[in-house]
Amino acid sequence: MITKELISPKSIVVVGGSEETQKPGGAVLRNIKESNFKGKLFVVNPKSESVQGIKCHKSVEELPQIDLAIIAIPAKLCPDSVEILCSKKMCKAVIILSAGFHEDGPEGTVYEEKIVEIVNRTGATLIGPNCIGVMTPNYTGVFTKPTPTLSETGVDLISGSGATVVFILETAIQLGLRVSSIFSVGNSAQTGIEEVLAHMDETYIPGKSAPVKLLYIESINNPDILLKHAVSLISKGARIAAIKAGTSDAGSRAASSHTGAMASPDSAVSALFNKAGIVRCYSRTELVTVGAVMMNKIPKGKKVAIITHAGGPAVMLTDTLSDNGLNVPRISGEKADVLLKELYKGSSVSNPLDFLATGTALQLEKIIDACENDFDIDSMAVIFGNPGLTNVYDVYETLFKKIEKCKKPIFPVLPSIVNAKDEIEKFKELGGICFPDEVQFGKAFGKVMGQHGSLYSTQLPPVDKKMIRNVIDKAQNGYLSPAQVQVLLDAAGISRAKEAVVDKIDSLKKAALEIGFPLVMKVVGPVHKTDVGGVVLNITEEETMIVEFNRMMNIPDTSAILLQPMLTGTQIFIGAKREDKFGHLIMCGLGGIFIEVLNDVRSALSPVSKIEAEEMIKGLRGYKMIKGTRGIEGVNEVVFNETIRRVSALCNAAPEIYEMDLNPLLGNSKQVIAVDARIRIEKR
């Protein structure tokens, strides 16, 4: 819980404040003073009478009641100070800048756990330890620079890394991106990124709260909270972009199934972000650029007009936008001809609209007006630099006015960071946000426009939960028997091939008579059947069947033979893998040997909605094979979609499922049938 005292304290004490502004205690005190904090400011320093013009208290015992304590003293001294502040001085918010806690070893862990116990017991909020602090419109409680002037219409920034906040801020300032608040959560001992985001959701007022949230995440401790509040914020009109650093594939290397080997913590993060509607970024520059795009109006469609006085950047932007799912449509017709006559000879309005290096502010205004009123486009990107011949103040002033006035969003790409440095600074002082590089902008714009918003839905197809639980509750850890798998598939409503498991010649003959030729024979036991010669297709008569049975029963680890009818269709697969904290990652792709050769898979976190399943299918590189190509019958996408969601429903009913492979399923225009299935149970 975030207390009001953390956001808008009426009194602040800096414990460990000093004259030395090169140290955290001195720097944070200086920053609070320079931010014109309106409340009462106190300092605790036993070695000084006054610090930076403020009378010092020798200990926290001497203080009056305090709303917020910012602590910059050795870790071993922090627990006692926090106890006095929270228990005796009614302090409801604590920011610990100091390091030396759980990141430093067992002794530091004890200090940290004691502090968490105190703040929880007294109903206080703890930020840190090991952080740079907090900035809100009410105070600048960080020890770092830069300390930008905060704006309620800026972005909220939440980070697990203090240094990263500084670097993100420096990049944001270059673009003119303003900040509303900053939360550096450090060790997240009590309050992490998820809790801060929850507070922003619970206090969000459309049109008044910061519309964009930027996150730098090193550890997702509670995916459910992150998902819940991201979905809620986006439904209210906010937009979120995030970096998730520190992913690892170590877990997937130990997996024993196809699905397990392809799943990873990183793919679970991507699936979580996609479900929530969070735009995932992979660098500080990308995060800030995406955030700057998000601060503009939302285009109604993907048709972009590129307005430029430089041909090369326009070509590169055209390529980038096209590669990222946006359209740069050709502009022509009577109104285009009229506009062309207003420009210098040699100009072009076909899109890109190139009005040459000698283009003027008045010409830019006419082009923007035509794009706003006459042409079928949804947004504009304006590239305008300075070759060094004259200044471009008038161009950027015109551009800013049009950005404010036009209903269609305008994105300024201002590349002359040397020749037009002063003009760009003036543009940003007016409140403008700009992009120095057209390709970075194009990629970020494509990411934002490619994000559909929240895809979260809990509606799944009905399954027989009683039958599922009956199997799961009786099962031991490890792979289920074929008979148990059959029951689970039937209970989930997943179509499967008629089959029989045999280990003797007599039962083999009887099963073949019931199923009918042609048959498929598969070994029961080995994990990767094909690798050991454990799959034989298209058995058409008894003699061959018996020969293959005898051969296959001698394959190591084989306990029986599975018989199925020989079916036809495109091989596809659906799988599931339980990821710690995230739940089940549901995956789909082309099946059979293609799953390993092509590694062409798409994934979503359970529960999987219809839209998510559709995106998974259509997002496959091999989607043309699903559609049908070169005389090959396609797969019924409606049934494929439903089968994905039935696997999701099965996993929801049986969270003990650790890994699940339906590989292959055979799909044609009428049906999707599982012909091989493996389910591994791991009860916690």
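The values are calculated or read from the model by the stated rules, or taken from the named source; none is laboratory data. These figures come from a predicted structure and were not determined experimentally. Don't worry about glycine lacking a Cβ; one is built from the backbone with ideal geometry, like all the others, and counts go over all protein chains shown.
Numbers for the structure displayed
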item: Test: residue in the stretch 496-510 that is in contact with a strand residue (DSSP E or B) (Cβ under 9 Å, 6 or more places away or on another chain), in contact (Cβ under 8 Å) with a residue 40 or more places away in the chain, assigned to a loop (DSSP other than H, G, I, E, B) and not acidic (Asp, Glu); result: yes
item: Boolean, Thr285 is surrounded by fewer than 24 Cβ atoms within 10 Å (Cβ to Cβ), touching a Gly at 6+ places or on another chain (Cβ under 7 Å), in contact (Cβ under 8 Å) with a residue 40 or more places away in the chain and among the polar types (S, T, N, Q); result: no
item: Selection from the stretch 20-55 of residues that are buried (at least 20 other Cβ atoms within 10 Å of the Cβ) and more than 42 Å from the chain's Cα centre (by Cα); result: Asn45, Val51
item: Subset of the stretch 650-662 (residues that are touching a helix residue (DSSP H, G or I) at 6+ places or on another chain (Cβ under 6 Å) and buried (at least 22 other Cβ atoms within 10 Å of the Cβ)); result: Leu650, Ala654, Ile657, Glu659, Asp661
item: Residue match in the stretch 665-683 (condition: under 25 Å from the mean Cα position of the chain (by Cα) and assigned to a loop (DSSP other than H, G, I, E, B)); result: no
item: Within the stretch 543-600, strands (runs of 3 or more DSSP E) holding 1 or more residues that are assigned by TED's automatic domain parsing to the domain that holds Tyr658, at pLDDT 95 or above and surrounded by 15 or more Cβ atoms within 10 Å (Cβ to Cβ); result: 570-579, 583-590
item: Hits in the stretch 403-442 (condition: under 14 Å from Pro313 (Cβ atoms), within 27 Å of the chain's Cα centre (by Cα) and not acidic (Asp, Glu)); result: Phe411, Pro412, Val413, Cys434, Phe435, Pro436, Val439, Gln440, Phe441, Gly442
item: Qualifying residue in the stretch 413-427 (condition: out of contact with any helix residue (DSSP H, G or I) (no Cβ under 6 Å at 6 or more places or on another chain), under 25 Å from Val179 (Cβ atoms), touching a residue at least 60 places away in the same chain (Cβ under 8 Å) and not aliphatic (A, V, I, L, M)); result: yes
item: Failed item, numbered, when Asn652 is tested on (1) out of contact with any His (no Cβ under 9 Å at 6 or more places or on another chain); (2) of a type outside the set (A, V, I, L, M, F, W, C); (3) assigned to a helix (DSSP H, G or I); result: (1)
item: Considering residues of the stretch 159-178 that are surrounded by fewer than 21 Cβ atoms within 10 Å (Cβ to Cβ) and β-branched (Val, Ile, Thr) only, the residue farthest from the chain's Cα centre (by Cα); result: Ile173
item: Residues of the stretch 137-178 satisfying the condition of being β-branched (Val, Ile, Thr) and without any contact (Cβ under 8 Å) to a residue 40 or more places away in the chain; result: Thr149, Val166, Ile173
item: Unmet criterion (only one of (1) at negative phi; (2) surrounded by fewer than 17 Cβ atoms within 10 Å (Cβ to Cβ); (3) of a type in the set (Gly, Ala, Ser)) for Gly442; result: (2)
item: Residue check for Met135: part of a strand (DSSP E or B) and either modelled with pLDDT of 95 or more or in contact with a Ser or Thr (Cβ under 9 Å, 6 or more places away or on another chain) (or both); result: yes
item: Residue within the stretch 609-623 that is touching a residue at least 40 places away in the same chain (Cβ under 8 Å), among the aliphatic types (A, V, I, L, M) and part of a strand (DSSP E or B) present; result: no
item: Residue among Val647, Val639 that alone is surrounded by fewer than 24 Cβ atoms within 10 Å (Cβ to Cβ), at pLDDT 95 or above and in a helix (DSSP H, G or I); result: Val639
item: Qualifying position, being at negative phi, out of contact with any strand residue (DSSP E or B) (no Cβ under 7 Å at 6 or more places or on another chain) and not assigned by TED's automatic domain parsing to the domain that holds Gly160, among Ser87, Ser81, Ser35; result: Ser87
item: Test: residue in the stretch 544-552 that is within 21 Å of Val523 (Cβ to Cβ), of a type in the set (A, V, I, L, M) and in contact with a helix residue (DSSP H, G or I) (Cβ under 8 Å, 6 or more places away or on another chain); result: yes
item: Those strands (runs of 3 or more DSSP E) lying entirely in the stretch 1-84 with at least 2 residues under 17 Å from Ser98 (Cβ atoms); result: 11-15, 40-44, 68-71
item: Qualifying positions in the stretch 186-201 - without any contact (Cβ under 8 Å) to a residue 60 or more places away in the chain and over 19 Å from the mean Cα position of the chain (by Cα); result: Ser188
item: Total residues in the stretch 392-415, condition part of a helix (DSSP H, G or I) and buried (at least 18 other Cβ atoms within 10 Å of the Cβ); result: 7
item: Selection from the stretch 189-215 of residues that are touching a helix residue (DSSP H, G or I) at 6+ places or on another chain (Cβ under 8 Å), closer than 22 Å to Pro129 by Cβ and part of a loop (DSSP other than H, G, I, E, B); result: Ala189, Gln190
item: Positions within the stretch 416-439 being farther than 16 Å from Thr308 by Cβ and buried (at least 19 other Cβ atoms within 10 Å of the Cβ), in sequence order; result: Glu423, Ile424, Phe427, Lys428, Gly432, Ile433
item: Hits in the stretch 86-106 (condition: assigned to a loop (DSSP other than H, G, I, E, B), within 35 Å of the chain's Cα centre (by Cα) and over 11 Å from Val15 (Cβ atoms)); result: Lys92, Ala99, Gly100, Phe101, Gly105
item: Close pairs from the stretch 523-535: first within 15 Å of Val675 (Cα to Cα) and assigned to a strand (DSSP E or B), partner modelled with pLDDT under 90 and not charged (D, E, K, R), Cβ under 7 Å, at least 6 apart; result: Val524/Pro482
item: Any pair with Cβ under 6 angstrom, 6 or more apart, that starts in the stretch 581-599 at a residue that is within 21 Å of Val672 (Cβ to Cβ) and ends at one that is among the hydroxyl-bearing types (Ser, Thr, Tyr) and surrounded by 13 or more Cβ atoms within 10 Å (Cβ to Cβ); result: His584/Ser606; Leu585/Ser603; Ile586/Ser606; Ile586/Ser648; Met587/Thr259; Met587/Ser603
item: Close pairs (8 angstrom Cβ cut-off, 6 or more residues apart or separate chains): part of a loop (DSSP other than H, G, I, E, B) in the stretch 339-358, of a type in the set (Asp, Glu) anywhere; result: Ser347/Asp354
